[in-house]
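What follows is a short report on a single structure.
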Amino acid sequence: MALQSKLPNIGTNIFSVMSAMARRYDAINLSQGFPNFDCDQGLKDLVMENVEAGRNQYAPMPGIPELREIIATKIGTLYNADVDPDLNITITAGATQAIYTAIATVIRKGDNAIIFDPAYDCYAPSVLSFGGTVTPIALRGPNFAIDWDEVEEKITPDTKMIVINTPHNPLGRVLKEQDLDRLEQIVYRHDDLYVLSDEVYEHQIYDGLEHQSVLRRPGLSERSFAVYSFGKVFHITGWKVGYCVAPEHLTTEFRKMHQFITFAVNTPMQYALAAFLQDASKYMALPDFFQAKRDLFKNLMADTEFDLLPCEGSYFMLGDYSRISDLDDMAFAEWLTREHGVATIPLSPFYSTPPDQKIVRFCFAKTDDVLQSAASKLSLVINE
Ligand code: PMP
Ligand code: GLN
């Protein structure tokens, strides 16, 4: 008898599918979200130094103290939050593990999570794998703002979690102060309701906008798991190191799960990151660095038939291809990769119920020459 799937409706994730397609057709890969440039040499040297120094055995289960301490300092400076490295911070194998572990900590069979539609791909399957249910709430164009009245209406006694993501993947929008006000009011009104706040793009935020971290608000952070990824901060998506910040009562339960999901995260990388983080100028430079890429890509794309949607944060830009093709977004993305040599991500896999729209996602975390080559290929894409 075949094993009954716990996730019968889930296939291989779209990022793997599109990156494989990019390789197959030798296309420029603007699909999966990773930089095509390397991380800082200083960070690589620190890894080698720590490997050579013999820091190659298990790290403490919550992460090495040096890394948790400098993260607490960073959070204190950026978000004016009083975070205790021992009680509130757990180092994880990337944000994905932090998200999965937070969901494992909260969601029991029959519990419900509110997830905005579209959403990054890992939230809903993680909820389903613990026997939870998902209530999708649509973010509708043109602004893709959250309808907080609808959120209030859809909360039931089973609702245990609201998942937010700012800056947002794939929309490139950011939550505003008023959004966090409403979220905080809602959470106050329900005793057993927790927030999972995916803030991996905290430093990819543009035009002087302020990142609305849940950690800025003591009332909200008391009920929140805030998750981060060094993959996005230091151009090291392959290292899979991230962290979760949560109040003590949640961190205690989170770590009970964490110790059996991964136990501890690789040691030399943690030492390297702890040392590298001492220089705040490295991550404080990110908004300008990526804003310049966003603007370059936007200007280059002005010569194409794609209509770009605004990008306030993240390193993704959405392009509406209605003027080019009637194909659905999966077929269009495949056609674009095969016939025009540029791989993108279709938007429908981010939805529980995809709307009727013709949009693909471009990742602009690429060197300028690659953005230029991609745009010149895309300028040849016309309605035939
Ligand atoms: N959340 C969002 C919104 C993401 O885009 C990603 C991908 N970087 C993750 C979480 C997962 O991060 P990590 O690679 O650190 O697991
Ligand atoms: N976060 C990346 C993206 O949105 C992909 C991560 C992954 O491949 N799982 O493209």
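The values are calculated or read from the model by the stated rules, or taken from the named source; none is laboratory data. Quick caveat, the model's predicted, so the values are computed rather than measured. Cβ sites come from the backbone with ideal geometry, for glycine too, and all protein chains shown count toward neighbours. Side chains are part of the model used for accessible areas, which takes the heavy atoms of the whole protein and leaves out ligands, DNA and RNA. Shrake-Rupley method; radii C 1.70, N 1.55, O 1.52, S 1.80 Å.
Some observations on this one:
- Scan of segment 110-125 for residues that are more than 16 Å from ligand 1 (Cβ to nearest atom) and surrounded by 18 or more Cβ atoms within 10 Å (Cβ to Cβ), ordered by number: D111, N112, I114
- Residues of segment 314-333 that turn out to be within 24 Å of the chain's Cα centre (by Cα) and open to solvent by 10 Å² or more (accessible area, probe 1.4 Å), as a count: 3
- Qualifying residues in segment 358-375 (those that are outside any loop (DSSP other than H, G, I, E, B) and without any contact (Cβ under 8 Å) to a residue 60 or more places away in the chain) - the one surrounded by the fewest Cβ atoms within 10 Å (Cβ to Cβ): D369
- Close pairs (6 angstrom Cβ cut-off, 6 or more residues apart or separate chains): of a type in the set (F, W, Y) in segment 260-287, open to solvent by less than 20 Å² (accessible area, probe 1.4 Å) anywhere: Y271/N50; F276/L43; Y283/H203; Y283/V233
- Test result for F234, near ligand 1 (Cβ under 10 Å from one of its atoms), under 23 Å from A365 (Cα atoms) and in contact (Cβ under 8 Å) with a residue 24 or more places away in the chain: no
- Selection within segment 188-216 - of a type in the set (D, E, K, R), part of a loop (DSSP other than H, G, I, E, B) and surrounded by fewer than 18 Cβ atoms within 10 Å (Cβ to Cβ): D191, D192, D207, E210
- Criterion violated by L128 - all others in (1) open to solvent by 20 Å² or more (accessible area, probe 1.4 Å); (2) touching a Gly at 6+ places or on another chain (Cβ under 9 Å); (3) hydrophobic (A, V, I, L, M, F, W, C) satisfied: (2)
- Filter pass, I103 being under 26 Å from I162 (Cβ atoms) and not small (G, A, S): yes
- Selection status of P136, surrounded by fewer than 20 Cβ atoms within 10 Å (Cβ to Cβ) and touching an Asp or Glu at 6+ places or on another chain (Cβ under 6 Å): yes
- Restricting S229, S281 to those that are closer than 20 Å to L67 by Cα, touching a strand residue (DSSP E or B) at 6+ places or on another chain (Cβ under 6 Å), at pLDDT 95 or above and small (G, A, S) reduces the list to S229.
- Screening segment 96-109 for residues that are under 25 Å from P354 (Cα atoms) and open to solvent by 10 Å² or more (accessible area, probe 1.4 Å) and picking the one that is farthest from ligand 1 (Cβ to nearest atom) gives Y100.
- Those residues of segment 146-187 which are touching a residue at least 24 places away in the same chain (Cβ under 8 Å), away from ligand 1 (no atom under 15 Å from the Cβ) and open to solvent by 20 Å² or more (accessible area, probe 1.4 Å), in sequence order: I146, E152, K154, I155, T156, D158, K160, K176, E177, D179, R182, E184
- Condition met for G219 (surrounded by fewer than 24 Cβ atoms within 10 Å (Cβ to Cβ), free of Cβ contacts under 8 Å to residues at least 60 places away in the same chain, part of a loop (DSSP other than H, G, I, E, B) and not charged (D, E, K, R)): no
- Selection of segment 114-133 for residues being more than 15 Å from the chain's Cα centre (by Cα), over 17 Å from A98 (Cα atoms) and not small (G, A, S) yields I114, T133.
- Qualifying residue in segment 222-245 (condition: small (G, A, S), away from ligand 2 (no atom under 16 Å from the Cβ) and surrounded by fewer than 24 Cβ atoms within 10 Å (Cβ to Cβ)): no
- Elements of type helices (runs of 4 or more DSSP H) contained in segment 86-180, each with 3 or more residues being touching a Phe, Trp or Tyr at 6+ places or on another chain (Cβ under 6 Å) and under 23 Å from V233 (Cα atoms): none
- Those residues of segment 253-274 which are surrounded by 19 or more Cβ atoms within 10 Å (Cβ to Cβ), of a type in the set (A, V, I, L, M) and outside any loop (DSSP other than H, G, I, E, B), in sequence order: M269, A272, L273, A274
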